[in-house]
Amino acid sequence: MATKKKHSSQHSERANKKASLTAARIATAKHDYANSTLVEVRNSPIHGRGVYASGAIRKGERIIEYVGERISHAEADRRFWKKGEDDGHTFLFVVNHKTVIDGTHDGNDARYINHRCEPNCETVTEDNRIFIEAVRNIKSGEELGYDYQLTWDSNDDPDDLKLYDCRCGSKNCRGTMLDKLPVDEQRRRDRAKRKRAKLRAEAAYKKVMQRAQQLRKKSAKKSQKKSQKKSQKKSQKKSPKGRK
């Protein structure tokens, strides 16, 4: 009965999560996040133009959708390299392994959200769409910013990487809009992590199998002793009684 109850509880939790997700998707479909009234664009001390809260925004609130022309990675690369070599500014946003959004074309205010090393919002991918949500309460008039975490390789030209220096002015500013680790180093660490996890799983499996083998041997010895005792009792019963 306990197992059935647990299964029923888990099923209920999954159903509730599915219902919540469906409700969120319906709300998203009804709400026009592309034309958000929660923000406005003004000049920014960080870089060029920035996006500011036009009113108080609560933590967890969905603010705006990042929209623009949807293109392939190949086209995104072509457009990126078509820019001037000294231009590190880009409105390209990766959605998945197939699609990139170019905010330069058919974009909205979301493209002007600047990078911040101590962000007050974050990007969320849902149904291949990009949304910006608040990670803390944001005051009216405060500039929005999320961590760009731009990807790079360890063999990239240092002069090229300087184009992505950060000027957010945060107390813990790391001085760059680039991700903390290059892509090749992240992949190396991920491989090492998977390898360690595999070794731990193999060691745990080996330990379980050894324990199971020990228990089988112990059980076999027990059975053997019982069998021997039964045999002895039977032989004692069959042996002839002595004459008086």
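The values are calculated or read from the model by the stated rules, or taken from the named source; none is laboratory data. Note that the structure is a prediction, hence the values are computed from the model and not measured. A quick note on method: Cβ atoms are made from the backbone with ideal geometry, for glycine too, and the neighbour counts reach across all protein chains shown.
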- Report yes if residue 61 is over 25 Å from residue 169 (Cβ atoms), surrounded by 13 or more Cβ atoms within 10 Å (Cβ to Cβ), under 22 Å from the mean Cα position of the chain (by Cα) and not aromatic (Phe, Trp, Tyr), otherwise no. no
- Item | Every pair of residues 6+ apart whose Cβ atoms lie under 8 Å, when the first sits in the range 69-88 and is within 16 Å of residue 105 (Cβ to Cβ) and surrounded by fewer than 13 Cβ atoms within 10 Å (Cβ to Cβ) while the second is at pLDDT 75 or above and not β-branched (Val, Ile, Thr) | 72/98
- Name the residue, out of 110, 76, that is touching a strand residue (DSSP E or B) at 6+ places or on another chain (Cβ under 6 Å) and either over 16 Å from residue 34 (Cα atoms) or in a loop (DSSP other than H, G, I, E, B) (or both). 76
- Could you list, in sequence order, all residues of the range 42-58 that are assigned to a loop (DSSP other than H, G, I, E, B) and surrounded by fewer than 13 Cβ atoms within 10 Å (Cβ to Cβ)? 45, 48, 55, 58
- For residues that are surrounded by fewer than 20 Cβ atoms within 10 Å (Cβ to Cβ) and of a type in the set (S, T, N, Q), scanning just the range 95-117, find the one that is nearest to residue 166 (Cα to Cα). 104
- Residue, surrounded by the fewest Cβ atoms within 10 Å (Cβ to Cβ), within the range 165-195, restricted to residues that are closer than 24 Å to residue 145 by Cα and of a type in the set (Asp, Glu): 165
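Would you confirm whether any residue within the range 155-166 is among the basic types (Lys, Arg) and free of Cβ contacts under 8 Å to residues at least 60 places away in the same chain?
Yes, because at least one residue in the range 155-166 is among the basic types (Lys, Arg) and free of Cβ contacts under 8 Å to residues at least 60 places away in the same chain.
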- Message: Being on the phi < 0 side of the Ramachandran plot and modelled with pLDDT under 95 is true for just one of 35, 43. Which residue is that?
- Response: 35
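Suppose we filter 146, 164 for residues that are in contact with a strand residue (DSSP E or B) (Cβ under 8 Å, 6 or more places away or on another chain) and farther than 26 Å from residue 188 by Cβ; which single one remains?
It is 146.
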- Which members of the range 130-158 meet the condition of being modelled with pLDDT under 95, in a loop (DSSP other than H, G, I, E, B) and among the hydrophobic types (A, V, I, L, M, F, W, C)? 152
- In the range 172-191, is there at least one residue being outside the structural domain of residue 135 (by TED's automatic domain parsing), more than 24 Å from the chain's Cα centre (by Cα) and at pLDDT 90 or above? no
- Message: With modelled with pLDDT under 95, over 28 Å from the mean Cα position of the chain (by Cα) and either surrounded by fewer than 12 Cβ atoms within 10 Å (Cβ to Cβ) or of a type in the set (Val, Ile, Thr) (or both) as the only criterion, which of 4, 17 stands out?
- Response: 4
